[in-house]
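The block underneath contains the structure these notes are about, expressed in structure tokens.
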Amino acid sequence: QVQLVESGGGLVQAGGSVRLSCAASGLTFRLAAMGWFRQTPGTEREFVAGISRIGSNTDYADSVKGRFAISRDNANSAVYLQMNSLKPEDTAVYYCAAKSTISGRIYYNSYDYWGHGTQVTVSS
């Protein structure tokens, strides 16, 4: 059974930083592209960042480029999202997602597995 467990969310002031972690189990992590998504009430879940299965490729939503960084540790089956210069509009539930693949590409949708999410609230 695949499990993705996010941690690291919380309340932070605007301009601050937060690091989210996602621990994966039940899948061959090195054969999974990973992504971070976020969602606010009444909106669709949106792509935030993606990383290829060996970490050689990354991409970001325009709204977070230059402020967020995705990374992964295949030895420990974990993916991270470093979030800097946070803004109130970054407030959302952040979800980790995994896509089983042998490709070295990044995925922007059609993920196979999802975590339950972690709340990040940025106060102004």
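Heavy atoms of the protein only, probe of 1.4 Å, neighbouring chains included. What is the accessible area of LYS87 in Å², nearest 10?
Solvent-accessible area, nearest 10 Å²: 80 Å².
Whose amide H sits under 5 Å from the amide H of THR91, counting only residues 5 or more places off or on another chain, with H placed in the peptide plane?
Answer set, sorted by chain and number: VAL122.
How much of LEU27 can a 1.4 Å solvent probe reach, expressed as accessible area in Å² and rounded to 10?
It works out to around 40 Å².
Treating only the Cβ of Lys, Arg, Asp and Glu as charged (+1, +1, -1, -1), what charge dipole size does the chain show about its Cα centre? Round to the nearest 20 debye.
Working: 11 positive and 9 negative charges, 55 e Å.
Charge dipole of the chain: 260 debye, to the nearest 20.
Find which of THR118, PHE68, ALA78 sits farthest along the positive direction of the dipole of the chain, computed with +1 on the beta-carbon of Lys and Arg, -1 on that of Asp and Glu, about the Cα centre.
After comparing all options, I get ALA78.
Once amide H atoms are built 1.01 Å from N in the peptide plane, which residues 5 or more positions from ALA32, or in another chain, come under 5 Å H to H?
Sorted by chain and number, the residues that satisfy this are THR101.
For the range 36-52, in order, what is each residue's ³J(HN,Hα) by Karplus, 6.51 cos²θ - 1.76 cosθ + 1.60 with θ = phi - 60°, in whole Hz (x at glycine and Pro)?
10, 10, 9, 8, 10, x, x, 10, 7, 5, 10, 5, 10, 7, x, 9, 6
With every protein chain kept in the model, how would you rank GLU44, GLU89, GLU6 by accessible area, 1.4 Å probe, largest at the top?
On the way: GLU44 160, GLU89 125, GLU6 20 Å².
The ranking, largest first, comes out as GLU44, GLU89, GLU6.
Calculate one ³J(HN,Hα) per residue across the range 98-115 by plugging θ = phi - 60° into the Karplus curve 6.51 cos²θ - 1.76 cosθ + 1.60, and present them in order as whole Hz with x for glycine and proline.
Once rounded to whole Hz, the list reads 10, 10, 5, 6, 9, 6, x, 8, 9, 10, 10, 6, 6, 6, 8, 9, 9, x.
Pairs of alpha-carbon atoms within less than 8 angstrom and 6+ residues apart define the contacts here; what relative contact order does the chain have, in percent? List each step's numbers first, then the result.
Details: 327 pairs, mean separation 44.8, N = 124.
It comes to 36 percent, rounded to a whole number.
For the chain, modelled as a GNM with alpha-carbon contacts under 10 angstrom, which of GLY104, GLY55, GLY42 fluctuates the most?
GLY42
If you take the beta carbon distance between SER124 and GLU46 as r and set R0 to 30 Å, what does 1/(1 + (r/R0)^6) give as a FRET efficiency, to the nearest 0.05?
Working: r = 21 Å, r/R0 = 0.70.
That gives a FRET efficiency of 0.90.
The values are calculated or read from the model by the stated rules, or taken from the named source; none is laboratory data. The model shown is predicted, which means the values in this text are computed figures rather than measured ones. Quick reminder, even Gly has a Cβ in these numbers, built from the backbone with ideal geometry, and neighbours come from all protein chains shown. Side chains are part of the model used for accessible areas, which takes the heavy atoms of the whole protein and leaves out ligands, DNA and RNA. Shrake-Rupley method; radii C 1.70, N 1.55, O 1.52, S 1.80 Å.
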